[in-house]
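Worksheet: the structure to be examined is printed underneath.
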Amino acid sequence: MASLASPRFEFFGRFARNRGALAGACLILVVALMAIFASVLFPGDPLRIVGMPELWPGEDPEFPLGTDSLGRDILAMIVHGARATLLIGLFASAVATFIGVGVGATAGYFGGWIDEIVMRLAELFQTIPNLIFVLTIVVILGSTLDNIVVAIGVVTWTPIARMTRAEFLALRDREFVQACRSMGMGDFKIIATEILPNALPPVIVLSSLVVAGAILFESAVSFLGLGDPNIASWGRLVGDGRLLIRSSWYICAIPGVAIMLTVLCLNLVGDGLNDALNPKLRDR
């Protein structure tokens, strides 16, 4: 038990040395708890009208963060919006990681013409501005939560593919891989059980940063009015308040700060994971 627990304690110890990452992880935990218990904290539809429009924060104790132009509770939309924002970020990152790892592992392991085709495809994706690509896919497929997740995942897989390819190129000719080949182990088994576990640490770090990027993409899509109209999200709240930026700027500012802090904390957590998982930085 001690031998199994020791690497875990070492990992958390290295992660905890980065105070920014630890603070970021704590805040992300708060946002996650907020998303999990949103229905308990604010039961009912968060998009329903509950009070007078444009109540400023602190003006009415019943609505601590005020109301928007329609009279909806901003705090309720922030809490429920955390669920949509985190789900989109996590699932979009999972889609991007699945595509990127599969493509990068295939290109890095087999090389040759397969590598050339895959990398040219990745370069083709990178020539298209990401936001325009996401908006185009959402417009074609429809403004639903699933389509937004797919659109962001399809757009953001290329950095993960390049990272995975680089790791596979560095590992595919190592002694343990050659020993597996000499034992008659198949390519798929070598990729899945031998190389991939050793290539995952930097990919995990990059995937955590993709979550932050996915949240920004979702916010931009919702801000432009292409998000799911039946779901409360931070980007949509910013978009709804943009016409009142001069008279009721808090409607944009509150969800904007929530987006900024969440993305900042995810980047800090990514830095902490890099410190904990990168062997070159462990004794820094």
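Dipole magnitude for the chain: computed about the Cα centre from +1 point charges on Lys and Arg Cβ and -1 point charges on Asp and Glu Cβ, it is near 680 debye.
If I take every Cα pair under 8 Å that is 6 or more residues apart in the chain, average their sequence separation and divide by the length, what percent do I get for the relative contact order? Taking the mean separation of contacting Cα pairs over the length of the chain, I get 25 percent. Contact order, relative form, for the range 1-121: 17 percent (alpha carbon pairs under 8 Å, 6 or more residues apart, mean separation divided by residue count).
Taken about its Cα centre, the range 149-284 carries a charge dipole of roughly 180 debye when the Cβ of each Lys and Arg holds +1 and the Cβ of each Asp and Glu holds -1.
Approximating the spin labels as points 7 Å out from Cα along Cα→Cβ, the Phe176-to-Leu200 distance works out to 1.3 nm. Packing, as the average of other Cβ atoms within 10 Å across residues, places the peptides 197-204, 182-189 in the order 197-204, 182-189, highest first. Once you keep just the Cα pairs under 8 angstrom separated by 6 or more residues, what percentage relative contact order results for the range 61-159? Relative contact order of the range 61-159: 33 percent. Taking the accessible area of the range 154-284, probe 1.4 Å, and keeping the other protein chains in place, the carbon and sulfur fraction comes to 62%.
In this simple spin-label approximation, Asp146 and Leu244 carry label points 7 Å from Cα along the Cα→Cβ vector, and these lie 3.4 nm apart.
Matching the structure-derived percent of Cα pairs over 37 Å apart against the labelled list (i) 25; (ii) 7; (iii) 50 gives the label (i). For the range 118-255, the per residue solvent-accessible surface stands at 48 Å², with DNA, RNA and ligands left out and a 1.4 Å probe.
The values are calculated or read from the model by the stated rules, or taken from the named source; none is laboratory data. From a predicted model like this one, the values you see are computed outputs, not experimental measurements. Virtual Cβ from ideal backbone geometry, glycine too; neighbours counted across all protein chains shown. Please note that ligands, DNA and RNA were not included when accessible areas were found on the heavy atoms of the full protein model with its side chains. Shrake-Rupley method; radii C 1.70, N 1.55, O 1.52, S 1.80 Å.
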